[in-house]
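Below: one structure, written as structure tokens.
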Amino acid sequence: MAAAVFVTRSIPGAARALLEAAADVRAWDREEPPVPRDVLRAAVAEADGLYCLLTDAIDADLLAAAPRLRVVSTMAVGYDNVDVAACTRRGIPVCNTPGVLTEATADLAFALLMATARRVPEAERYLRDGRWRTWSPLLLAGQDVHGKSIGIVGAGRIGQAVGARARGFGMEVLYTARSPKPAFEAGCRARRCASLDELLGAADYVSLHAPLTPETHHMIGEAELRRMKPTAVLVNTARGPLVDEPALVRALAEGWIWAAGLDVFEREPVTPDHPLLRLPNVVTLPHIGSATVATRTAMAVLAAENLVAVLQGRRPAACVNPEVLGG
Ligand code: DGY
């Protein structure tokens, strides 16, 4: 009997075809809304494999409803939506999609940095609203990017790729990471800061690239925002809960920092009445860091390959709890 796989959203055809070649596939075949919890709970009761997105909470309660489950494969590099410890206790591998989204996400982080620094969306609204009457010396003046310093918080793959872009713009690159990154230091003349505090006090731009864990939750709060320069720009393309949003609202409204570029929020989707969206010095995007056709397709295919590998008794290319794979 073919293994049963449940897919929580409509996914690119190439990934779907890979799954269908190896398993009996059922899916919540829609772009939106996300699969309702009761549908997901009922579906996993019969599933050997679960193909999910970052919008699905794969927690102990769901796992308890999935007696046959042998693999969870998420179409994302971040896996804070999955209770990995609970999966590990059940011997269930959790697979993700590192690597294939690095460059696209770094491109978007840098685009957001530039757009925020140079007030690009605000300037476009100004023009489209018919408010452009004349050229003036400080009209819509932003912050320089070239020659400034960037602090990369979490110099993993994406953080380092942002650093490489910054270097190309003649920026000084600072970083924090659990361990030194000699190749990054050599390639981008990056300097590791002794602490987050040191980085926050020194950087003109602070770009977050840490995974969301209990330790990194609200790692940027009032004390950290007050440590930053009043001309500094905060960019977050990682996970919203890294930042304490009420503290960020005050920081931006009261001028502790100059602006923020945000692709992610504590609760997604963010509603249009969110206080951050009312501030002129915030540039916002709807969590599109990796959203190019090629990258999202590569992520979808890798997630499918990972899932099929586990079902077929092979080692998946990416697994966050490899201790359950044995051998
Ligand atoms: C991820 O993969 O974790 C991103 O947030 C979506 O690309």
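When residues in region 243-302 are screened for being within 16 Å of the ligand (Cβ to nearest atom), farther than 29 Å from E20 by Cα and touching a helix residue (DSSP H, G or I) at 6+ places or on another chain (Cβ under 8 Å), 11 of them pass.
Every residue in region 103-152 that is polar (S, T, N, Q) and outside any loop (DSSP other than H, G, I, E, B), please.
T105, T116, S149
Conditions tested, residue by residue: (1) basic (K, R); (2) open to solvent by 40 Å² or more (accessible area, probe 1.4 Å).
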| position | (1), (2) |
| --- | --- |
| S136 | no, yes |
| I150 | no, no |
| R165 | yes, yes |
| G168 | no, yes |
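Here V84 clears all of (1) aliphatic (A, V, I, L, M); (2) open to solvent by less than 10 Å² (accessible area, probe 1.4 Å); (3) under 17 Å from N321 (Cβ atoms) except the condition numbered (2).
Being touching a Leu at 6+ places or on another chain (Cβ under 7 Å) and either assigned to a strand (DSSP E or B) or hydrophobic (A, V, I, L, M, F, W, C) (or both) is the filter here, so list the residues in region 234-258 that pass it.
V235, N236, A238, L242, A247, L248, V249, A251, L252, A253, W256, I257
Annotation: of all residues in region 185-212 being in a helix (DSSP H, G or I) and either of a type in the set (G, A, S) or not assigned by TED's automatic domain parsing to the domain that holds A223 (or both), the one that is most open to solvent (accessible area, probe 1.4 Å) is A186.
Restricting attention to region 8-33, which residues are more than 14 Å from E305 (Cβ to Cβ), out of contact with any Pro (no Cβ under 9 Å at 6 or more places or on another chain) and either of a type in the set (S, T, Y) or open to solvent by less than 30 Å² (accessible area, probe 1.4 Å) (or both)?
Residues satisfying the conditions are S10, V25.
Of all residues in region 83-119, which are under 21 Å from V44 (Cβ atoms) and touching a residue at least 60 places away in the same chain (Cβ under 8 Å)? Across region 83-119, the qualifying residues are V84, C87, T88, G91, I92, P93, V94, C95, N96, T97. Taking the criterion of being touching a residue at least 60 places away in the same chain (Cβ under 8 Å) and surrounded by fewer than 20 Cβ atoms within 10 Å (Cβ to Cβ), the residues of region 297-315 that qualify are T297, Q312. Every residue in region 104-117 that is open to solvent by 10 Å² or more (accessible area, probe 1.4 Å) and either farther than 24 Å from C52 by Cβ or touching a strand residue (DSSP E or B) at 6+ places or on another chain (Cβ under 9 Å) (or both), please. Passing the criteria: D107, F110, A111, M114, A115.
This table checks each residue for (1) over 10 Å from T8 (Cβ atoms); (2) touching an Asp or Glu at 6+ places or on another chain (Cβ under 6 Å).
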| position | (1), (2) |
| --- | --- |
| P33 | yes, no |
| D38 | yes, no |
| E46 | yes, no |
| G49 | yes, no |
| L53 | no, no |
| A60 | yes, yes |
| A66 | yes, no |
| V71 | yes, no |
| T74 | no, no |
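Count of region 48-102 residues, restricted to those that are in a loop (DSSP other than H, G, I, E, B) and either within 15 Å of the ligand (Cβ to nearest atom) or not assigned by TED's automatic domain parsing to the domain that holds D24 (or both), is 18.
The numbered conditions (1) assigned to a helix (DSSP H, G or I); (2) open to solvent by 60 Å² or more (accessible area, probe 1.4 Å) are all true for T271 except (1).
Taking every residue in region 253-276 that is in contact (Cβ under 8 Å) with a residue 12 or more places away in the chain and more than 12 Å from N236 (Cβ to Cβ) and pairing it with any residue that is assigned to a loop (DSSP other than H, G, I, E, B) and open to solvent by 70 Å² or more (accessible area, probe 1.4 Å), at least 6 positions away or on another chain, the pairs with Cβ-Cβ distances below 7 Å are G255/P230; W256/P230; I257/P230; W258/P230; P269/P286.
The values are calculated or read from the model by the stated rules, or taken from the named source; none is laboratory data. Keep in mind it's a predicted model, so treat the numbers as computed, not measured. Note: ideal-geometry Cβ built from the backbone for every residue, glycine included; neighbour counts use all protein chains shown. Side chains included, ligands, DNA and RNA excluded: accessible areas come from the protein's heavy atoms. Shrake-Rupley method; radii C 1.70, N 1.55, O 1.52, S 1.80 Å.
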